[in-house]
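Laboratory data are not the source of any read-out in this text; all were calculated from the coordinates shown. Just so it is clear, the model here is predicted, and its values are computed rather than measured. In this analysis, Cβ positions are derived from the backbone assuming ideal geometry, glycine residues included, and neighbour counts consider all displayed protein chains.
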Amino acid sequence: MRLRPILGMDLDYNTKKGLLMHRVYGAEIQMDIAHHVSIWGSIRDNSWSGNGLNETYYNSAAYYDPRSKTMGARITQPGYLNDLAGVQYKEANYGGDFSDSRGGISLYAWWGSIGVQRERVAWGDAQHCSNILSAHNPAVPMVTLQLTPCKWFQFDYFHAWLVSNVIDSTYWYIEQQTETSTQREYRPANKFMAANMFTFMPCKYIQFGIGNSIVYAERNVQAAYFIPIAFYKSLDHRLLQRSPFVRPII
């Protein structure tokens, strides 16, 4: 087992955007049990600040959110390309902050692993960032499977629980009720993702990959998408059949 602190800072500067500073601190833990069980976790507090993110430089009023009544989106929707993480920032005049908690447990052997974790997903490789799954998305809880039965082949699969940020107007409960009023609390719509990837490595510096993915929104998880090697678009065609007694409005 090991426990270590995290303390870091990144500084980016150019003459047009000025200085952009990223500060992070926290701690992480990692344990290995009997060479077949891996447990890990981390907490990181991130803070972004800089001339290109403050209110005097960036017109936050153009991104006013009437629901939360905040001048948001200076970081989540900046006016230039960047490598900032896509998360729910707590924005302030200087920039923004977010807390990142990740971890999981995995059963592993020489031929593969299966686990439950909350992590960012990175599939693919590139000089700037991956163009399949870039790891810039927020960490999400998921079930994972990885198989490496030989040196030239690897199989990856995950089923993740996403955050939709979309209110389901039919999915609510009563928070408070009096004789004259009723307060309803609406739940967000559920959203899930499943993906697989078959990777072939004929030689040291060449890899070929093929796979598919699906993002679906149901009240509950769909068992068909837990099939690791399935072609999900074909499954989706059969799972969303219309009732023969329902006539569409023209």
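Counting other Cβ atoms within 10 Å of each Cβ, which trypsin sites (Lys or Arg not before Pro) in segment 1-39 have at most 13 and sit in a DSSP loop?
Numbers: sites: 2, 16, 17, 23; in loops: 16, 17.
The qualifying sites are 16.
How do 216, 232, 171 rank when sorted from fewest to most other Cβ atoms within 10 Å of their own Cβ? Kindly include the intermediate steps, with their values, before the conclusion.
Numbers: 216 19, 232 22, 171 12.
Starting with the residue having the fewest Cβ neighbours, the order is 171, 216, 232.
Taking a quarter of the surface of the convex hull around the Cα atoms of segment 110-250, what do you get in nm²?
14.1 nm²
What are the extents of the Cα atoms of segment 123-186 along their three principal axes, in Å, largest first?
Ordered largest first, segment 123-186 gives principal extents of 69, 29, 15 Å.
Beyond a 27 Å Cα-Cα separation, which of these cross-linked pairs lie in this structure: 90/191; 151/191; 151/233?
151/191; 151/233, as the Cα separations exceed 27 Å there.
If you take the C-alpha gyration tensor of segment 169-228, multiply each eigenvalue by 5 and take the square root, what semi-axes do you get, largest first, in whole Å?
That gives 47, 11, 7 Å for the three semi-axes.
List the GluC sites (Glu not before Pro) in segment 110-200 that DSSP assigns to loop (not H, G, I, E or B) and whose Cβ has at most 10 other Cβ atoms within 10 Å. Which are they?
For GluC sites (Glu not before Pro) across segment 110-200 that sit outside H, G, I, E and B with at most 10 neighbouring Cβ atoms in 10 Å, the list reads 179.
With no solvent and one equal point scatterer per Cα, compute the Debye intensity ratio I(q)/I(0) for segment 114-156 at 0.13, 0.16, 0.25 Å⁻¹ and report its log10, rounded to two decimals.
-0.35, -0.53, -0.96
Gap in Å between the Cα centre of segment 144-160 and the Cα centre of segment 1-16?
Rounded to whole Å, the Cα centres lie 31 Å apart.
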